[in-house]
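Below is one structure; the comments refer to it alone.
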Amino acid sequence: MLEARLEQADLLKKIVDAIKDLVQDCNFDCNDSGVALQAMDNSHVALVSMMLKAESFSPYRCDRNVALGLNLTSLTKVLRAAGNEDILTLKAEDAPDVLNLVFESSESDRLSEYDLKLMDIDQEHLGIPDTEYAATISMPSTEFRRICVDLMALSESVAIEASKDGVKFSCAGDIGNGAVTLRPHSNVEKPELNVEIELTEPVSLTFSLKYLVNFCKAAGLSKSVKLCLSNEVPLLVEYQLAGSSYLRFYLAPKIGDEE
Amino acid sequence: MKTRGRPSTKAKEAKFETETSTAPKTQLGPDSANPPQLFILPQNLSNEARIATLQNPRYANDSRYLICPENGFYEFTKVAAPKTSPRSWLLSASQSSEDRDDVKEPNAKRRKPSGYVTKNANMLVATAIDPLFIILPALTPLATSKGSEAPKKLFLSGDDYIEKIAATSSQFSGFSRMKSIRDLLEERMAAVCDTVEAGDENMYRLNEEKLLGELLKKAKIVCEKGLPPSMEEKLVRKALDVPVLSIKREESSTHELAKEEDAADTPDTQTSVSTSTSTTTSFSEASTAVTSFSENLTESKSEAVPPITAPEGVADLLRLRTALFLICAAYLGPHVAESVMKLAASSTTVDFAPLETHLAHLAKLRQDALASRSFGDFSRKRALAVEDGETRAEKKRKEDEEEKRKKANESRGVKALKKVNVTGMKKMSDFFKKK
């Protein structure tokens, strides 16, 4: 039996919103440490990995490991019925057919309850090793989203060059080219606006902007975003959530620009 | 072809001089590894008669023949129910002739459950075959190597030829010592061979002219009795059809009596006159028409048959040639058949020239008609399309529905990502190992 109570429905709403444009169906794997999710997009070039630790819920109870196979579009429909400030409770049997969602309004005594049919999803789980990245860049999540959106107007891919001077996002398209460079920056009053670059060696990689823009839908979840790059490995875009929960996206770099 | 069933020797009066004899004692229990088979065997077989493996004159593979020292050779024709409508024989011992005749049979034995249900309703009918065809492979050895001329034909004694057959079939060697069998074969050899006397022995060498003569004799008998309706329809009537009148639409038969060969479906050549041009196709056509004989029989009978419009004698010539092709296709090795056909074309015994000219004339007419006709006439194709069009539409509808359902649950973002150019991007599984 699974019972997980979230103080704010908002969190799950935003997570699902951020993922639903990348994957269609996925399993929410629940065990005693929390709710985890790993899924790839249709082309298998991007991967999303989410971990909502048990501490994010109050209370959290999961007697047996269960995989909740959900269609994210359907889940979105149900979550739309929840107010942002509602208390959300997820409930499921040990071998569930449905996921039960209860929304409690904290202000009024409104209580809504939904059952969402589950599906069997065949998914392969990939083991993601801990990697020492050559470059780790933290920046405001809105800044990253703005860069991606701006550059996508010009081109479909962006080159990210990290050096000790800063990080440069550049693109070249049919109508012209453009580049945004960020230097390390620290704001004492608003630490969330800091730009930090940790570098062991310079890196330059090219990525699909469509995918990056897609990842940026998670910007609402966290004020800052962490980009981790190394040559020859996927880019990691990480949004830290409360506690040690996280939402991570991986994207394969474009190799050999032969267009 | 399995030939486990041994014919019962007790004769039973039956129509058409044949006698049904079931396989021996039936077995019960789990699937027999060697199930009984049903045979229709000729009457009055001698006790010496056996089923033996001989070389098939046409395909040069091993086939089973029934050999009777008194009555000669028989080949087996398999009559089977189509695979689509499974049938079986129920063989019951209490019904067999022995039991009925023999009243003194101990009761205990009769009460013993003794029935067998065969897996399929096959029936093997033994029909007489000219021993000529059995000896023919020995008379016509294949060229030893490609390109070289056919081996020089030598006069050999009848014994030598018979030994040749015995060499390919160990089961025949027992028969090859029987005088009646030797006489039978030598007699037939004499009909198609040049002979010389050497001492007290006759020596034989194949004469193709004589062989053709023999075959034509057989073909004429076939024609006199009338070709099977399906052959008459497909190979004679259709070949002589004058194109303008050939709009008549045929009912394609749905009930298919499946024979071993499913070749019955080979497209018939309405527009090409392959009979005159390529011998090989017409061979197969001839055999095809025969296999599909039974399916068309009922229909063509009921049809009012319009007279064939062709110069006098041409239709008979075509029938004769069709019969000849059929014999060649069924019983002669390809190399023999080829030389026989060549010979037939230039033969003086039967002049096929009027037929050739008429067919050429028809071919030209047909070509003209085809050219003048609009391309809209695909009646044959359409008939086919309508048939499986329904099932196809249904299938498509189901697929569409499923896809639609899937699409409905697909978010806009997922759809958009499908269009993204992912060239140069490796799959995630290339970076991360599967758990």
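The values are calculated or read from the model by the stated rules, or taken from the named source; none is laboratory data. In this text, all values refer to a predicted model and were calculated from it rather than measured experimentally. Backbone-built Cβ (ideal geometry, glycine too); neighbour counts: all protein chains shown. Accessible surface is based on the protein model in full, side chains and every heavy atom, while ligands, DNA and RNA are left aside. Shrake-Rupley method; radii C 1.70, N 1.55, O 1.52, S 1.80 Å.
Of note:
- Flag if A:Asn27 is assigned to a loop (DSSP other than H, G, I, E, B) and either in the same structural domain as A:Phe207 (by the TED database) or at negative phi (or both): no
- Evaluating B:Pro7 against the criteria (1) modelled with pLDDT under 65; (2) open to solvent by 40 Å² or more (accessible area, probe 1.4 Å); (3) within 26 Å of the chain's Cα centre (by Cα) leaves one unmet condition, (2).
- Residue that is farthest from the other protein chains (Cβ to nearest Cβ), among those in the stretch A:103-115 that are part of a strand (DSSP E or B) and surrounded by fewer than 18 Cβ atoms within 10 Å (Cβ to Cβ): A:Leu111
- Residues that are open to solvent by 50 Å² or more (accessible area, probe 1.4 Å), at pLDDT below 80 and not hydroxyl-bearing (Ser, Thr, Tyr), drawn from the stretch B:141-158: B:Pro141, B:Leu142, B:Lys146, B:Gly147, B:Glu149, B:Ala150, B:Lys152, B:Lys153, B:Leu154
- Annotation: of all residues in the stretch A:116-136 being within 12 Å of another protein chain (Cβ to nearest Cβ) and touching a residue at least 60 places away in the same chain (Cβ under 8 Å), the one that is least open to solvent (accessible area, probe 1.4 Å) is A:Leu126.
- Residue that is farthest from A:Asp25 (Cα to Cα), among those in the stretch B:404-421 that are within 57 Å of the chain's Cα centre (by Cα) and at the interface with chain A (Cβ under 7 Å from one of its Cβ atoms): B:Lys418
- Some residue of the stretch A:159-168 being in the same structural domain as A:Asp21 (by the TED database), within 24 Å of A:Ser224 (Cβ to Cβ) and exposed (fewer than 12 other Cβ atoms within 10 Å of the Cβ): no
- Residue identified as more than 23 Å from the chain's Cα centre (by Cα), open to solvent by 20 Å² or more (accessible area, probe 1.4 Å) and outside the structural domain of A:Glu55 (by the TED database) among A:Asp150, A:Asp174: A:Asp174
- Here the stretch A:33-54 is the region considered, the condition is being of a type in the set (Val, Ile, Thr) and over 11 Å from the mean Cα position of the chain (by Cα), and the residue that is farthest from the other protein chains (Cβ to nearest Cβ) is A:Val35.
- Residue list for the stretch A:77-100, filter: within 14 Å of another protein chain (Cβ to nearest Cβ) and either part of a strand (DSSP E or B) or open to solvent by 10 Å² or more (accessible area, probe 1.4 Å) (or both): A:Lys77, A:Val78, A:Arg80
- Consider the stretch A:206-234 and keep the residues that are within 11 Å of chain B (Cβ to nearest Cβ) and part of a strand (DSSP E or B). The one that is farthest from A:Asn84 (Cα to Cα) is A:Thr206.
- Note on the stretch A:16-32: among residues that are more than 10 Å from chain B (Cβ to nearest Cβ) and of a type in the set (D, E, K, R), the one that is least open to solvent (accessible area, probe 1.4 Å) is A:Asp29.
- Residue that is surrounded by the most Cβ atoms within 10 Å (Cβ to Cβ) [pool: residues in the stretch A:55-76 that are closer than 16 Å to A:Ile19 by Cα and either over 21 Å from the mean Cα position of the chain (by Cα) or within 14 Å of chain B (Cβ to nearest Cβ) (or both)]: A:Leu72
- Failed criterion for B:Ile67 (all others in (1) touching a Gly at 6+ places or on another chain (Cβ under 7 Å); (2) under 29 Å from B:Ala138 (Cα atoms); (3) open to solvent by less than 30 Å² (accessible area, probe 1.4 Å) hold): (1)
- In the stretch B:95-140, of all residues being open to solvent by less than 60 Å² (accessible area, probe 1.4 Å) and over 33 Å from the mean Cα position of the chain (by Cα), the one that is modelled with the highest pLDDT corresponds to B:Ser114.
- A:Ser141 vs. criteria touching a Phe, Trp or Tyr at 6+ places or on another chain (Cβ under 7 Å) and either under 20 Å from A:Arg248 (Cα atoms) or of a type outside the set (S, T, N, Q) (or both): yes
- Test result for B:Glu356, in a helix (DSSP H, G or I), of a type in the set (Asp, Glu) and at pLDDT 75 or above: yes
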